[in-house]
Amino acid sequence: MRKLIVEEKPTNPKYYENMSALLEEVIRQRKAAAISHEEYLKKVVEIAQKSKNPETASDYPVNINTKAKRALFDNLGKDERLAIALHEKIKKEAPSGWRDNKIKKRFVLSLIKEYVPDNAAAAEEVLLLVDKQEEY
């Protein structure tokens, strides 16, 4: 379970940090004997399902329907309009082969900065997130 969370975290850091926190809480409750073994297993299975298939979580709006959109939504303050707008901009304007070319990567960063203008570090984080998405 932890391995899955660690492996998938780069694709959506906020979501998998939340899954990690949920798992830690369930483990803590079990160690404190606050929940039964059966309840513990039930919660672990639920967290595993949400970790493996984030789309099954009911926290997402209808238009947040791809892995890349979910990652942007989770990591951009759960702002649906911002996530969709940035997703569409990157899909439409990112040049092919941008991951392997510094100049093209800077262009993608400039696209992101149009939507995350106030914080260069946040834009860099979003670029790293976008870089991990197979959709772009």
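The values are calculated or read from the model by the stated rules, or taken from the named source; none is laboratory data. All of these numbers come straight from a predicted model, not from anything done at the bench. Glycine also receives a Cβ, built like all others from the backbone with ideal geometry; neighbour counts cover every protein chain displayed. Note: areas computed on protein heavy atoms with side chains; ligands, DNA, RNA excluded. Shrake-Rupley method; radii C 1.70, N 1.55, O 1.52, S 1.80 Å.
Accessible surface ranking for Tyr16, Tyr60, 1.4 angstrom probe, highest first: Tyr60, Tyr16. Computed over the chain with a Gaussian network model linking Cα atoms closer than 10 Å, the most mobile of Ser96, Ser110, Ser51 is Ser96. At a probe radius of 1.4 angstrom, the accessible area of the chain per residue rounds to 62 square angstrom. Estimated from helical segments only, the mean residue ellipticity of the chain at 222 nm is -21000 deg cm²/dmol, where each DSSP H run of four or more residues counts as -39500 (n - 2.57).
Summarise the accessible area of the stretch 1-76 (1.4 Å probe, protein heavy atoms) by the percent that is carbon and sulfur. Solvent-exposed carbon and sulfur of the stretch 1-76 make up 52 percent of the total.
Rounded to the nearest angstrom and listed largest first, the equivalent-ellipsoid semi-axes of the stretch 19-96 from its Cα gyration tensor are 35, 11, 10. What trypsin sites (Lys or Arg not before Pro) does the stretch 61-110 have in DSSP loop regions with at most 16 other beta carbons within 10 Å? Qualifying residues, ordered by number: Lys78.
Phe107 contributes an accessible area of around 80 Å² to the protein surface, as traced by a 1.4 Å probe with all chains present.
Beyond 20 Å in Cα-Cα separation lie the following of the pairs Lys9/Lys102; Lys52/Lys91; Lys9/Lys67: Lys9/Lys102; Lys52/Lys91.
When Cα Rg over 2.2 N^0.38 Å is calculated directly from the model, which label among (i) 1.27; (ii) 1.21; (iii) 1.10 fits? This structure yields the entry labelled (ii). Per residue, the convex hull spanned by the Cα atoms of the stretch 71-136 amounts to 76 cubic angstrom.
Largest GNM mean-square fluctuation among Val45, Val62, Val116, using the chain with Cα springs under 10 Å: Val62.
Seen against the Cα atoms of the chain and their longest principal axis, helix 13-31 is set at about 10 degrees.
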